[in-house]
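Report on the structure given below.
The values are calculated or read from the model by the stated rules, or taken from the named source; none is laboratory data. Quantities reported herein were computed from a predicted structural model and do not represent experimental measurements. Ideal geometry is used to build each Cβ from the backbone, glycine not excepted, and the neighbour counts take in all protein chains shown. Just the protein is used for accessible areas: all its heavy atoms, side chains included, with ligands, DNA and RNA removed. Shrake-Rupley method; radii C 1.70, N 1.55, O 1.52, S 1.80 Å.
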Amino acid sequence: MPFVELETNLPAERLPPGLALTLCAAAADILGKPAERVNVTVRSGLPMVLSGSAEPCAQLVVSSIGVVGTAEQNKAHSARFFDVLTAQLGLGPERIVIRFYPVEPWQIGKNRTVMTFL
């Protein structure tokens, strides 16, 4: 059950329509998870500074069970997420940062229990 959270200082009107759905489909493909399990949040217009500059930027946080736990996995994921984000946001790769967090099934609640028991 991946969680993908995009934060950017770009105003909402500068984001492409359907960006959350595009990120959902991309994350499902990149992480090898069904789209029905991917959760996406897009936050725009935030006050942000990246590398000492308030120029347009974005950060992506990707949390998931079992697929973001190694440097090798995340290197491959990073390249593919950067391709999506640079194309969708019109930002250079130097203005984007991605953070990966592995989570355990017992850390995600769903349907009145945790994923361990589903």
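Does region 106-117 contain at least one residue that is among the β-branched types (Val, Ile, Thr), assigned to a strand (DSSP E or B), under 14 Å from the mean Cα position of the chain (by Cα) and at pLDDT 95 or above?
Residues of region 106-117 among the β-branched types (Val, Ile, Thr): 108, 113-114, 116.
Filter again for assigned to a strand (DSSP E or B), leaving 113-114.
Okay, now just the ones that are also under 14 Å from the mean Cα position of the chain (by Cα), so none.
No, there is no match, as no residue in region 106-117 is among the β-branched types (Val, Ile, Thr), assigned to a strand (DSSP E or B), under 14 Å from the mean Cα position of the chain (by Cα) and at pLDDT 95 or above.
Criterion first (modelled with pLDDT under 95 and surrounded by fewer than 17 Cβ atoms within 10 Å (Cβ to Cβ)) does GLY18 satisfy it? Outline the logic, then answer.
Numbers: modelled with pLDDT under 95: no; surrounded by fewer than 17 Cβ atoms within 10 Å (Cβ to Cβ): yes.
No, not satisfied.
Could you tell me whether region 39-51 includes any residue that is hydroxyl-bearing (Ser, Thr, Tyr), modelled with pLDDT of 95 or more, surrounded by 14 or more Cβ atoms within 10 Å (Cβ to Cβ) and within 30 Å of LEU118 (Cβ to Cβ)?
For region 39-51, residues hydroxyl-bearing (Ser, Thr, Tyr), modelled with pLDDT of 95 or more, surrounded by 14 or more Cβ atoms within 10 Å (Cβ to Cβ) and within 30 Å of LEU118 (Cβ to Cβ): absent.
Where the second residue is outside any helix (DSSP H, G or I) and the first is more than 17 Å from ASP29 (Cβ to Cβ) and lies in region 69-88, which pairs have Cβ atoms under 7 Å and are six or more apart or on separate chains?
From region 69-88, the pairs are GLY69/PRO102.
Condition first: among the hydrophobic types (A, V, I, L, M, F, W, C) and more than 11 Å from the chain's Cα centre (by Cα). Now tell me which residues in region 32-52 satisfy that.
ALA35, LEU46, MET48, VAL49, LEU50
Between a residue in region 99-118 that is within 13 Å of PHE3 (Cβ to Cβ) and any residue that is among the acidic types (Asp, Glu), which pairs come within a Cβ distance under 9 Å, given they are 6 or more apart or on different chains?
What qualifies is MET115/GLU104.
Give the residues of region 92-112 that are under 20 Å from SER44 (Cβ atoms) and either touching a helix residue (DSSP H, G or I) at 6+ places or on another chain (Cβ under 7 Å) or small (Gly, Ala, Ser) (or both), sorted by residue number.
Within region 92-112, GLY92, PRO93, ILE96, ILE98 meet the criteria.
Quick grid of which residues meet (1) among the small types (Gly, Ala, Ser); (2) out of contact with any Asp or Glu (no Cβ under 9 Å at 6 or more places or on another chain):
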residue	(1), (2)
ALA76	yes, yes
LEU85	no, yes
GLU94	no, yes
LYS110	no, yes
MET115	no, no
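Inspect region 1-13 for any residue being in contact with a Leu (Cβ under 9 Å, 6 or more places away or on another chain), in a helix (DSSP H, G or I), within 20 Å of GLY90 (Cβ to Cβ) and open to solvent by 50 Å² or more (accessible area, probe 1.4 Å) and give the result as yes or no.
Taking every residue of region 1-13 in turn, none turns out to be in contact with a Leu (Cβ under 9 Å, 6 or more places away or on another chain), in a helix (DSSP H, G or I), within 20 Å of GLY90 (Cβ to Cβ) and open to solvent by 50 Å² or more (accessible area, probe 1.4 Å).
Residues in region 77-89: is at least one among the basic types (Lys, Arg) and surrounded by 12 or more Cβ atoms within 10 Å (Cβ to Cβ)?
Yes, some residue in region 77-89 is among the basic types (Lys, Arg) and surrounded by 12 or more Cβ atoms within 10 Å (Cβ to Cβ).
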